[in-house]
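What follows is a single structure, written as C-alpha cells, with notes after it.
Values in this text are rule-based calculations from the coordinates and carry no lab data. This one's a predicted model, so the numbers in the text were calculated from it and none came from an experiment. Glycine also receives a Cβ, built like all others from the backbone with ideal geometry; neighbour counts cover every protein chain displayed.
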Amino acid sequence: MQLPFFYISAYTPGETNIVLDENNSRHIVQVLRMQAGEPLHLTDGKGHLLTAAIAEPHKKHCSATVSDVVFTTRRNPQTTIAISLLKNANRFEWFLEKATEIGVAGIIPLICDRTEKERAKAERLQNILVSALLQSRQVWLPQMPEPVQFANFIKDPEVLTIPRKLIAHCLEDEKYSLSSRRADENSIILIGPEGDFTTEEIGAALANGYQPVTLGATRLRTETAGVVAAALLCVR
C-alpha cells in the first residue's frame with residue numbers, strides 16, 4: 001500500500017524535522033485522521049523523496065520526523081514546452097495537469113501576437129502543477145516562470161543554448177514529423193495560440209535556430225498540441 005504523499009516547498013538536506021503548512025496539516029489530521037507515528041512520504045519537487053513519521057498531529061502545523069531520504073536525478077533528456085496562454089483558462093489548466101503527469105521539465109507560458117489572454121493566476125496554476133505531481137507520484141516539479149513575451153523569449157541567451165529548439169505551426173512549409181526522430185537531447189518546443197503563430201513570429205523563431213515540426217495529420221487545439229508534443233518528446 002502506497003503511503004500518503006505530500007509536497008513541501010523547501011527541504012534542506014540533513015533536515016530531520018519537517019513542519020508542514022496549514023493546508024497539508026489540516027488534510028493529514030482532519031481528513032486522513034493520521035496519528036503520531038504513522039508514516040508518510042514528502043517531496044520538495046526538486047528530486048528528494050522523504051520517508052517520515054507524524055511527530056505531532058496538529059491541524060495547523062503538523063510535524064514529521066524524517067527517517068529516510070532518496071534523491072532521484074531528473075531524467076534526461078529534458079523537455080520544456082513553451083505554450084501560449086489560452087482565453088479558456090480551463091483548457092490551459094488541463095494542459096498543465098497532463099504535461100506534469102507526462103514528466104516535462106519546464107512549462108513557459110507565452111504571450112504571442114494572437115494570444116487573447118495575457119494574465120494568469122500564478123498561485124492557482126502552481127497548485128495545479130503540485131496536484132498533478134502528487135497524483136503521478138513524481139519528485140520533480142516542472143519549472144514555470146511568469147508569462148513572457150514571445151519576441152523576448154526566443155532571443156533569451158539561456159534558451160538559445162538548448163540543443164534542440166522546435167516550433168510547431170500550421171503553415172504549409174517544409175517540416176519534419178516530431179514522431180519520426182527520437183529525443184536524445186534536451187528539447188524545447190513552441191506551441192502557438194488559437195489561430196497559430198503569425199508569419200512574423202515563425203520567421204523570427206526560424207532565424208533564432210528553431211526547427212519547424214508537425215505533430216500529425218490533423219489540426220490540433222493549442223492544449224492538445226502541447227500534450228501531444230510532451231508525449232512525443234518525453235515518453236520513449
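Once the Cα atoms are used to define both axes, helix 89-102 deviates from the longest principal axis of the chain by about 70 degrees. Can you pick out the pairs among 46/121; 117/155; 121/165; 46/175; 98/165; 117/175 whose Cα atoms lie more than 26 Å from each other? The pairs that break the limit, which is 26 Å between Cα atoms, are 121/165; 46/175; 117/175.
Suppose R0 equals 35 Å. What FRET efficiency, 1/(1 + (r/R0)^6) with r the Cβ-Cβ distance, do residue 73 and residue 123 give to the nearest 0.05? Intermediate values should be presented prior to the final figure.
On the way: r = 29 Å, r/R0 = 0.82.
According to the calculation, E is roughly 0.75.
Given 199, 178, 163, which one lies farthest toward the positive end of the charge dipole of the range 79-234, if we put +1 on the Cβ of every Lys and Arg and -1 on the Cβ of every Asp and Glu? With unit charges placed on the Cβ atoms, the residue in question is 178.
Taking 0.36 nm per residue of separation and subtracting the Cα-Cα distance, full extension of the segment from residue 131 to residue 221 would add 30.0 nm. Counting beta carbons within 10 Å around each of 29, 227 and listing the fewest first gives the order 29, 227. Going by alpha carbons, how many degrees (0 to 90, nearest 10) lie between the helix axis of 122-135 and the longest principal axis of the chain? Roughly 70 degrees, rounded to the nearest 10. Largest mean-square fluctuation among 31, 213, 104, in a Gaussian network model of the chain whose springs join Cα atoms under 10 Å apart, belongs to 31.
Quick one: if the Förster radius is 30 Å, what FRET efficiency do residue 1 and residue 143 give, using the C-beta to C-beta distance and rounding to 0.05? Numbers along the way, then the final one.
Values: r = 32 Å, r/R0 = 1.06.
Plugging the Cβ-Cβ distance into 1/(1 + (r/R0)^6) gives 0.40.
The stretch between residue 26 and residue 91 holds 20.4 nm of extra length on full extension. This uses 0.36 nm per residue minus the Cα-Cα distance. Calculated on the alpha-carbon coordinates, the convex hull of the chain measures out at 134 cubic angstrom per residue. In the frame of its principal axes, the range 5-71 has Cα extents of 30, 20, 15 Å, reported largest first.
Of all beta bridges DSSP finds with both residues in the chain, what is the antiparallel percent, to the nearest 5? Please list the in-between numbers first.
Numbers: 17 of 43 bridges.
Of those bridges, close to 40 percent are antiparallel.
Looking at the range 25-105, none of the GluC sites (Glu not before Pro) sits in a DSSP loop with at most 16 other Cβ atoms within 10 Å of its own Cβ.
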